[in-house]
Structures are given as structure tokens and as C-alpha cells.
Amino acid sequence: QVQLVESGGGLVQPGGSLRLSCRASGSIFSLYAMGWYRQAPGKQRELVADITSGGGRTNYADSVKGRFTISRDNAKNTVYLQMNSLKPEDTAVYYCNRPISPVSWGQGTQVTVSS
């Protein structure tokens with residue numbers, strides 16, 4: 001049973017940065033693409049970035065392109081999301097999961113961008 005644990009969220013001022021981490025249990029992490037999702041209050045969960053199993057290709061939602069960077073360390077079973085130039089509209093709970101064959105969602109990590 002794969003478990004996902006997100007961390008690194010917090011309160012940050014507009015224009016600030018945060019780095020999120022997601023650690024997955026299990027030995028097959030490196031076989032799957034991973035994605036970062038977010039869900040703002042009253043909105044549906046959306047995929048903001050994904051990365052192939054080997055880390056060679058990444059994709060981003062238009063709303064975060066140029067500001068967010070997804071990366072992974074398969075030796076540590078961890079995927080990261082570096083978020084720069086944060087805006088109030090980035091406020092949400094952030095989750096990681098596999099875009100294909102998703103597993104149970106973790107608890108997420110809250111990101112709040114506010115002055």
C-alpha cells in the first residue's frame with residue numbers, strides 16, 4: 001500500500017517562495033510519473049505540475065508556468081515542488097499523486113499566500 005506524505009507548506013507573503021516535498025512509501029516509486037495538485041476552497045482539485053518517472057520531462061499548468069518547478073529524487077522516493085513568485089491565488093492545499101493509477105490521497109500541505 002503506497003502512502004504519500006506531503007510537507008513544506010506554510011504562510012508566505014506575495015512574491016515569496018516555498019519548497020514542497022512529497023515522500024512516497026513503497027519500492028515502486030521510480031516506475032511512475034508523479035504530479036502535484038492543489039485544491040483551493042470551493043474549487044475542484046487541479047493538476048499543476050507533473051514529471052515523468054525518470055524525471056526527464058515536466059509539464060505545468062499555464063497558471064504556474066515559469067514560477068513553479070517540479071523535480072524528483074528516486075533514491076529518496078520524493079518529489080518536490082519549488083514555488084517562486086507566489087501569488088494570493090496560489091493559496092490552496094497541495095497534494096501529490098500519480099496522474100496514472102493514482103493511489104489514496106495524503107493529507108496535503110496548506111499553502112497560504114497573504115500579506
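The values are calculated or read from the model by the stated rules, or taken from the named source; none is laboratory data. Please read these numbers as outputs of a predicted model, since none were measured by experiment. In this analysis, Cβ positions are derived from the backbone assuming ideal geometry, glycine residues included, and neighbour counts consider all displayed protein chains. Calculation scope for accessible area: heavy atoms of the full protein, side chains included, ligands and nucleic acids excluded. Shrake-Rupley method; radii C 1.70, N 1.55, O 1.52, S 1.80 Å.
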Quick one: accessible area per residue over the chain, 1.4 Å probe, rounded to a whole number of Å²?
53 Å²
How large, in percent, is the carbon and sulfur part of the accessible surface of the chain at a probe radius of 1.4 Å?
47 percent
Whichever lysines have a C-alpha closer than 27 Å to that of Lys87, once near sequence neighbours (fewer than 8 apart) are set aside:
Lys43, Lys65
Note: the chain at 20 °C, 1.002 mPa s; Kirkwood Rh on alpha carbon pairs; Stokes-Einstein D in µm²/s works out to 153 µm²/s
Restrict the search to the range 65-97; then list the trypsin sites (Lys or Arg not before Pro) that DSSP places in a loop and that have at most 13 other Cβ atoms within 10 Å of their Cβ.
Lys65
Residue by residue through the range 6-16, what is 3J(HN,Hα) from phi via Karplus (6.51 cos²θ - 1.76 cosθ + 1.60, θ = phi - 60°)? Round to whole Hz and write x for glycine and proline.
9, 7, x, x, x, 9, 9, 6, x, x, x
